[in-house]
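Report on the structure given below.
The values are calculated or read from the model by the stated rules, or taken from the named source; none is laboratory data. Because the structure is predicted, anything quoted here is derived from the model rather than measured. Positions of Cβ are generated from backbone atoms using ideal geometry, with glycine treated the same way; all protein chains shown enter the neighbour counts. These area figures cover heavy atoms from the full protein model, side chains too; ligands, DNA and RNA do not enter into them. Shrake-Rupley method; radii C 1.70, N 1.55, O 1.52, S 1.80 Å.
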Amino acid sequence: CETLVFETSYRGENTATIMTWDAKKLLDILPKSSIQTNAATLISSVISTSTCTADTKSHYFKVILKNIPERFSFLLDKERVLNYLRMTAPVKVDERRFSDYGKVREFLRTNNISEPPTYRVFLNDEEIRKPYHTFTDAPARTDKQKIKKIETKIFTNEEGHIQAWAWVGIRDFSEGTTVIKQDCVFRAIRLRLHNIQIGGEDTLTDLYNEDRAAKYFVGEIHVLDTKLTPNARRDYFEHTPEFDCFQNQVRAFLNKLFKQVRNDSQLSSVR
């Protein structure tokens, strides 16, 4: 966008702070090698701050993108942005649509693990919730594929400390084994840190013995170990001895799940 605005207020204060980035000016300056400056000076030259009156009972953080160029028009595609935020942002699960999530909460309580942090996030005036559903299909389709049960798992390091925990939705494969269709925005098991998604639906694909296996499940792996650090692109984690230990456990867990699916499918075909 040409102008990026951050607006925030703190509960109990009657003033909101506004920070405005002149992105157009920034993009004009960056390619010019003749301009020699440090980062602090450069940023100061494109940022302005101001204040406005705010309700003392409200507190929020708002992002406003102004004048989006045509080549980035996908940022104005509400459904596309909504689906991205539903899977990426640390928001709540809509338990009216996915009642089995109560089993995840029970698992966390039993193991004295804190629930993932959540925030109220809005796109325009619509509050965003994670899109998980009892059925792993799009509303327009009739071939309903229901989640039959929830599998849970705790991953620990060599000292026995928790590195991460996971929940996985296992579908009913009594009608045969099929991958979840692409129009299901929440297919595949996702990595999350502080309840924010790391990477996407293909992030864990390489850990399966078969690539297609990643498309048979839905679920999340929540990383808790502070020694596991996301890379600069936030599409995976830095490879450290601690992460290699964790990754090996995840690989074993995922392939055990897929083997179970294959066995269930074979039993169904025999019947």
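Taking the condition of being under 18 Å from residue 203 (Cβ atoms) and at pLDDT below 90, how many residues in the stretch 229-268 meet it?
Number satisfying all stated conditions: 0.
Looking at the stretch 54-70, can you tell me whether even one residue there is open to solvent by less than 60 Å² (accessible area, probe 1.4 Å) and within 25 Å of residue 201 (Cβ to Cβ)?
Checked the stretch 54-70: no residue is open to solvent by less than 60 Å² (accessible area, probe 1.4 Å) and within 25 Å of residue 201 (Cβ to Cβ).
Go through the stretch 1-37 and give me each residue that's hydrophobic (A, V, I, L, M, F, W, C) and either over 30 Å from residue 56 (Cα atoms) or open to solvent by 90 Å² or more (accessible area, probe 1.4 Å) (or both).
1, 23, 26, 27, 29, 30, 35
So which residues in the stretch 120-153 are in a strand (DSSP E or B), modelled with pLDDT of 90 or more and not hydrophobic (A, V, I, L, M, F, W, C)?
126, 127, 130, 149, 151, 152, 153
I need every pair where a residue in the stretch 115-129 that is more than 26 Å from residue 166 (Cα to Cα) and in contact (Cβ under 8 Å) with a residue 60 or more places away in the chain has its Cβ under 6 Å from the Cβ of a residue that is open to solvent by 80 Å² or more (accessible area, probe 1.4 Å) and assigned to a strand (DSSP E or B), sequence separation at least 6 or different chains.
Sorted first by the residue in the stretch 115-129, then by its partner, the list stays empty.
Might you let me know whether the stretch 159-182 holds any residue that is open to solvent by less than 10 Å² (accessible area, probe 1.4 Å), at pLDDT 95 or above and in a loop (DSSP other than H, G, I, E, B)?
no
What about residue 235, is it outside any strand (DSSP E or B), under 20 Å from residue 87 (Cβ atoms) and open to solvent by 70 Å² or more (accessible area, probe 1.4 Å)?
no
Is it the case that the stretch 204-224 has a residue that's closer than 28 Å to residue 179 by Cβ, open to solvent by 30 Å² or more (accessible area, probe 1.4 Å) and not in a helix (DSSP H, G or I)?
Checked the stretch 204-224: at least one residue is closer than 28 Å to residue 179 by Cβ, open to solvent by 30 Å² or more (accessible area, probe 1.4 Å) and not in a helix (DSSP H, G or I).
Would you tally the residues in the stretch 183-196 being open to solvent by 50 Å² or more (accessible area, probe 1.4 Å) and modelled with pLDDT of 95 or more?
Result for the stretch 183-196: 2.
Residue by residue through the stretch 12-23, note down the ones that are part of a strand (DSSP E or B), within 31 Å of the chain's Cα centre (by Cα) and either of a type in the set (Gly, Ala, Ser) or farther than 22 Å from residue 2 by Cα (or both). Spell out the reasoning first.
Applying the first criterion (part of a strand (DSSP E or B)) to the stretch 12-23 yields 15-22.
Add one more test, that the residue is within 31 Å of the chain's Cα centre (by Cα), and what stays is 16-22.
Selection gives 16 alone.
Kindly list the number of the only condition in (1) within 24 Å of residue 124 (Cα to Cα); (2) open to solvent by 70 Å² or more (accessible area, probe 1.4 Å) that fails for residue 41.
Only one criterion in (1) within 24 Å of residue 124 (Cα to Cα); (2) open to solvent by 70 Å² or more (accessible area, probe 1.4 Å) is unmet by residue 41, namely (1).
Considering only residues that are of a type in the set (Asp, Glu), out of contact with any Ser or Thr (no Cβ under 7 Å at 6 or more places or on another chain) and at pLDDT below 95, which ones fall in the stretch 78-119?
79, 94, 95
Within the stretch 168-181, is even one residue of a type in the set (Phe, Trp, Tyr) and closer than 17 Å to residue 101 by Cβ?
From the stretch 168-181, those of a type in the set (Phe, Trp, Tyr) are 173; that's our starting set.
Narrowing the set further to residues that are closer than 17 Å to residue 101 by Cβ leaves none.
Within the stretch 168-181 (the criterion being of a type in the set (Phe, Trp, Tyr) and closer than 17 Å to residue 101 by Cβ), the answer is no, since none of the residues qualifies.
Select from the stretch 76-97 the residues that are touching a strand residue (DSSP E or B) at 6+ places or on another chain (Cβ under 8 Å) and surrounded by 12 or more Cβ atoms within 10 Å (Cβ to Cβ) and list them in ascending order. Can you show your working first?
Restricting attention to the stretch 76-97, the residues satisfying the condition of being touching a strand residue (DSSP E or B) at 6+ places or on another chain (Cβ under 8 Å) are 78, 81-82, 85-94.
Matches in the stretch 76-97: 81, 82, 85, 86, 87, 88, 89, 90, 91, 92, 93, 94.
Which condition from (1) without any contact (Cβ under 8 Å) to a residue 24 or more places away in the chain; (2) more than 27 Å from residue 91 (Cα to Cα) is the one that residue 255 breaks?
Evaluating residue 255 over (1) without any contact (Cβ under 8 Å) to a residue 24 or more places away in the chain; (2) more than 27 Å from residue 91 (Cα to Cα) leaves (1) as the failure.
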